[in-house]
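Peer 1: What follows is a structure written as structure tokens; I'll ask about it next.
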Amino acid sequence: MAKVIDSKIPAGPVPEKWKEYKAHQRLVNPKNKLKLDVIVVGTGLAGASAAASLGEMGFNVYNFCIQDSPRRAHSIAAQGGINAAKCYQNDGDSVYRLFYDTVKGGDYRAREANVYRLAEVSNNIIDQCVAQGVPFAREYGGMLANRSFGGAQVSRTFYAKGQTGQQLLLGAYSSLSCQVQAKKVKLYTRYEMEDVVIVDGRARGIIAKNLVTGKLERFSANAVVIATGGYGNTYFLSTNAMGCNCSAAVQCYRKGAYFANPSYVQIHPTCIPVHGDKQSKLTLMSESLRNDGRIWVPKKIEDAKALQAGTKQGWEIPEEDRDYYLERRYPAFGNLVPRDVASRAAKERCDKGFGVNNTGLAVFLDFSESINRLGLDIIMQRYGNLFEMYEEITDVFPGDLANEINGVKYYKPMMIYPAIHYTMGGIWVDYELQTSIPGLFAIGECNFSDHGANRLGASALMQGLADGYFVLPYTIQNYLADQAVWPKVSTDLPEFAAAEKAVDAEMDRLLNIKGKRSVDSIHKELGHIMWEYVGMGRTAEGLKTGLKKMHELEKEFDSNLFVPGTKEGLNIELDKAIHLRDFFTMGQLVAFDALSRNESCGGHFREEYQTEEGEAKRDDENYFYVGCWEYQGKGKEPELIKEPLEYEAIKVQTRNYKN
Ligand SMILES: Cc1cc2nc3c(=O)[nH]c(=O)nc-3n(C[C@H](O)[C@H](O)[C@H](O)COP(=O)(O)OP(=O)(O)OC[C@H]3O[C@@H](n4cnc5c(N)ncnc54)[C@H](O)[C@@H]3O)c2cc1C
């Protein structure tokens, strides 16, 4: 019989569900909070906010991260902003509208009740962060400023120049530090979770490696929360920080946690194009730039060829010969269509030969019109650090005046191309953010919860902080309410010993392969396979080939890997080898899911399923579900379990960004 998933969504109409939930919630008796320990793995925006909040509520928190400081979590990379339905612009925004835009942006593949709750708590996040002193941009009169992000026709994105993630993380870190000082949170920096320990079917602790000494240590708690980020680096080249990995999530998956919607991977349209085969990192140019930057390629193929040959420059092409293809195809949203739509449109132009750099894989993002209209000063106030970052990498400053044709001034445009950026899939969680393993919770990018098949810009920070500050601290209490009466689990239990032994044996195995290939060389090859066969455009044939190539490469990894050094002390190559082992599991999972989903939706584009205009063609009759995968062992196909989606408040229809 097919397994049934209980998503613990309370009954009743969608807007009432969170209220209903809180009304029936079981809270931990304040006296018992002192006795309850919670492990939080991760100190990005999700982990740091959760650890700080749980500490403040009275629980004993053990908070882990791989960096030397929580402030170095990948979340600091976030540039453009965070959404909230405050409606400060008086432009008709509302909780319902944010909810609706998010569900529509996700191509109707998100869980409705979760998204409504997210939209509801979005406003609290802004108040919380302002109270912490986060320096959001303000209008001249002192009000918080907003800008627009893709998939919305209102301005609801709060920002701190192009460093929003960093400022939000500093806010969360100050709250966390208060709790460290109050001895409610104990920080374990440069510790990596290697395994989750299950005792009698419940998550009771973790095995973590002290990355400096190399020693494995055991930690027990009443509940474990993972907030360990996404799996974008499976593709090797991505906008994610180099240290981002999916090992904690994959280890939970191996221990029985379902992995949901792995094929929903986000490819961001505005990244600095790949420029050679020695690169190990791609750089994002924030989506906020699409507020004032216009995306175009030449109308004439001979102009494109001249650009590719380097005999012509973008600023030499006059207005009438430019194809602002997003404005042409999607008049209602123009340059602010959602990311999946913008990425595919860029690929379509480049595939037709209109790419603008020497590889033919780039389009222009041009600020000439907005600089002429607003002046360079205003544009620099909005995007100064992004312009500087672009100049540092490419030696081109997008504010430099380059030409004047028929009285129109042209500035040097940026060149951009889509790249792997974010993963909507993740560990499956119910409405309480609990995984399919009791006592194990997942928050932030590492869970699958709110974005469906495509995330709208500025919604990841919103979700991470909603989970950490406002959702998990409530929902986890339902689980913890009766935990105080259970005896404390000792780390001497055989389950801890077995988990530690298995991790140790794995490290020995990797060190003893003693082959000839470095971790990076194999990872790079995996990335090529992923991009080629499991990337922006997928086909059944290509996915099968990709899976075959991944199996072969995994064999190469298992037999010809070379990891220098020993287990003792710091060994970054060994840590990377463990991550790569898990990227293999992840890559195959993405491909399995993509192969099983015979439709296109959001970031998952199967070329066989598209409309005549090249838009994603969903199949709601057969694929209106969350695809959850259960691990069956190495080399074996995982089993698919479906959580049917139910929509009450929103009418499911074909996405339309044209009018
Ligand atoms: C360049 C860039 C710009 C972005 N800009 C925006 C934006 O403007 N707005 C927006 O909403 N979103 C943006 N995003 C997305 C957003 O930044 C991320 O989705 C979000 O920060 C993820 O937060 P997180 O807390 O879930 O995970 P992360 O910030 O990735 O944190 C993961 C944490 O887990 C720890 N960890 C991982 N594995 C282990 C392990 N095994 N053991 C112990 N600790 C572990 C890490 O040390 C880290 O502390 C951007 C992303 C990128 C790449």
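The values are calculated or read from the model by the stated rules, or taken from the named source; none is laboratory data. If you're wondering where the values come from, they're calculated on a predicted model, not measured in any experiment. Using ideal geometry, Cβ is built from the backbone for each residue, glycine included, and neighbour counts are taken over all protein chains shown. Surface areas here come from the heavy atoms of the whole protein model, side chains and all, with no ligands, DNA or RNA. Shrake-Rupley method; radii C 1.70, N 1.55, O 1.52, S 1.80 Å.
Peer 1: Take the alpha carbon atoms of the range 93-109, find their center, do the same for the range 8-24, and report the distance between the two centers in whole angstrom.
Peer 2: First find each Cα centre; the distance between them is then 19 Å.
Peer 1: Longest exposed-loop-site-free stretch of the chain, with GluC sites (Glu not before Pro), DSSP loop and at most 15 other Cβ within 10 Å?
Peer 2: 140-567
Peer 1: Show that you can apply the helix-only estimate: for the chain, add -39,500 (n - 2.57) for every DSSP H stretch of four or more residues, divide by all residues, and state [θ] at 222 nm to the nearest 500.
Peer 2: Only helices count here, giving -11000 deg cm²/dmol.
Peer 1: Considering only Val626, Ala649, Gly614, whose Cα is most displaced toward the positive end of the charge dipole of the range 548-659, charges sitting on Cβ of Lys, Arg (+1) and Asp, Glu (-1)?
Peer 2: About the Cα centre, the residue reaching furthest to the positive side is Gly614.
Peer 1: Kindly list the residues of the range 187-226 that lie in the label zone of Glu630, defined by a backbone N under 19 Å from the point 7 Å along the Cα-to-C-beta vector.
Peer 2: The answer is 198-203.
Peer 1: Need the list of aspartates and glutamates near Lys617 for cross-linking: C-alpha distance under 18 angstrom, and skip anything on the same chain fewer than eight residues off.
Peer 2: Once the sequence-local aspartates and glutamates are set aside, what remains near Lys617 is Asp107, Asp340, Glu348, Asp593, Glu599, Glu607, Glu608.
Peer 1: Mind giving me the FRET efficiency for Glu319 and Gln181? R0 is 51 Å, r the Cβ-Cβ distance, nearest 0.05 is fine. List each step's numbers first, then the result.
Peer 2: Numbers: r = 59 Å, r/R0 = 1.16.
Once rounded, the FRET efficiency stands at 0.30.
Peer 1: Setting aside same-chain residues fewer than 8 positions from Lys183, which aspartates and glutamates have a Cα under 15 Å from its Cα?
Peer 2: Asp37, Glu56
Peer 1: Cα centroid distance between the range 557-596 and the range 401-425, in Å?
Peer 2: Each part reduced to its Cα centre gives a spacing of 36 Å.
Peer 1: Between Asn560 and Lys278, what FRET efficiency comes out of the Förster formula 1/(1 + (r/R0)^6) with R0 = 22 Å and r the beta carbon distance, rounded to 0.05?
Peer 2: E(calc), rounded to 0.05, equals 0.50.
Peer 1: Still on this structure, I have one more. Would you mind counting up the charge near Ala48? Only other residues with Cβ under 13 Å from its Cβ, with Lys and Arg at +1 and Asp and Glu at -1.
Peer 2: 0
Peer 1: Consider a paramagnetic label point 7 Å from the Cα of Lys352 along Cα→Cβ; state which residues of the range 304-324 have an amide N under 18 Å from it.
Peer 2: Flagged as within label range: 304-308, 320-324.
Peer 1: Cα gyration tensor of the range 445-583, axes a ≥ b ≥ c as square roots of the eigenvalues: rounded (a/c below 1.5), prolate (a/b > b/c) or oblate?
Peer 2: oblate
Peer 1: Using the eigenvalues of the Cα gyration tensor, what equivalent ellipsoid semi-axes result for the chain when each is taken as the square root of five times the eigenvalue, whole Å, largest first?
Peer 2: So the equivalent ellipsoid measures 39, 29, 24 Å along its semi-axes.
Peer 1: Name the aspartates and glutamates eligible as straight-distance cross-link partners of Lys281: C-alpha to C-alpha under 17 Å, and not fewer than 8 places from it in the same chain.
Peer 2: Within the straight-line limit of under 17 Å, Lys281 reaches these aspartates and glutamates: Glu391, Glu392, Asp520, Glu525.
Peer 1: Given Cα pairs under 8 Å that are at least 6 residues apart, what percent is the relative contact order of the range 427-504?
Peer 2: Across the range 427-504, relative contact order equals 25 percent.
Peer 1: Which loop trypsin sites (Lys or Arg not before Pro) in the range 169-206, with loop taken from DSSP, have no more than 15 other Cβ atoms within 10 angstrom of their Cβ? Don't jump to the answer; show the numbers that get you there.
Peer 2: Numbers: sites: Lys183, Lys184, Lys186, Arg190, Arg202, Arg204; in loops: Lys183, Lys184, Arg190.
Loop-located and lightly packed - Lys183.
Peer 1: Oh, and also: Hey, can you find the accessible area per residue of the chain for me, probe 1.4 Å, expressed in square angstrom?
Peer 2: Accessible area per residue: 38 Å².
Peer 1: Same structure, new question: How far is helix 519-533 tilted off the main Cα axis of the chain, in degrees rounded to 10, range 0 to 90?
Peer 2: That helix lies at roughly 60 degrees to the long axis.
Peer 1: List the pairs from Lys104/Lys412; Lys278/Lys347; Lys516/Lys548 whose alpha-carbon separation is above 27 Å, in the order I gave them.
Peer 2: Checking Cα-Cα distances, Lys104/Lys412 exceed 27 Å.
Peer 1: Let me ask you something else. Report, in degrees rounded to the nearest 10, the 0 to 90 angle that the Cα long axis of helix 112-132 makes with the longest principal axis of the chain.
Peer 2: For helix 112-132, the angle is close to 90 degrees.
Peer 1: Which links in Lys299/Lys352; Lys35/Lys255; Lys567/Lys636; Lys215/Lys576; Lys8/Lys636; Lys184/Lys255 stretch past 19 Å when you go from one Cα to the other?
Peer 2: Lys35/Lys255; Lys567/Lys636; Lys8/Lys636; Lys184/Lys255
Peer 1: To two decimal places, what compactness ratio does the range 484-563 give when its Cα radius of gyration is scaled by 2.2 N^0.38 Å?
Peer 2: My calculation over the Cα atoms of the range 484-563 gives 1.64.
Peer 1: Follow-up. In debye to the nearest 20, how big a dipole does the range 269-340 give about its Cα centre with +1 on each Lys and Arg Cβ and -1 on each Asp and Glu Cβ? Each step should come with its number before you reach the end.
Peer 2: Working: 12 positive and 12 negative charges, 48 e Å.
Rounded to the nearest 20 debye, it is 220 debye.
Peer 1: Taking the inverse of the average 1/r across all pairs of different Cα atoms in the range 282-441, what Kirkwood radius in Å do you get? Could you put the intermediate results ahead of the total?
Peer 2: Details: mean 1/r = 0.0581 Å⁻¹.
For the range 282-441, inverting the mean 1/r across all distinct Cα pairs yields 17.2 Å.
Peer 1: Mind listing which trypsin sites (Lys or Arg not before Pro) in the range 449-539 are in a DSSP loop and have 16 or fewer other Cβ atoms within 10 Å?
Peer 2: Sparse-neighbourhood loop trypsin sites (Lys or Arg not before Pro): Lys488, Lys514, Lys516.
Peer 1: Ignoring ligands, DNA and RNA, what percent of the accessible area of the chain is carbon or sulfur (1.4 Å)?
Peer 2: C and S atoms contribute 51 percent here.
Peer 1: Count the net charge of all other residues whose Cβ sits under 15 Å from the Cβ of Asp520, scoring Lys and Arg as +1 and Asp and Glu as -1.
Peer 2: Taking every Cβ under 15 Å from that of Asp520, the sum is +2.
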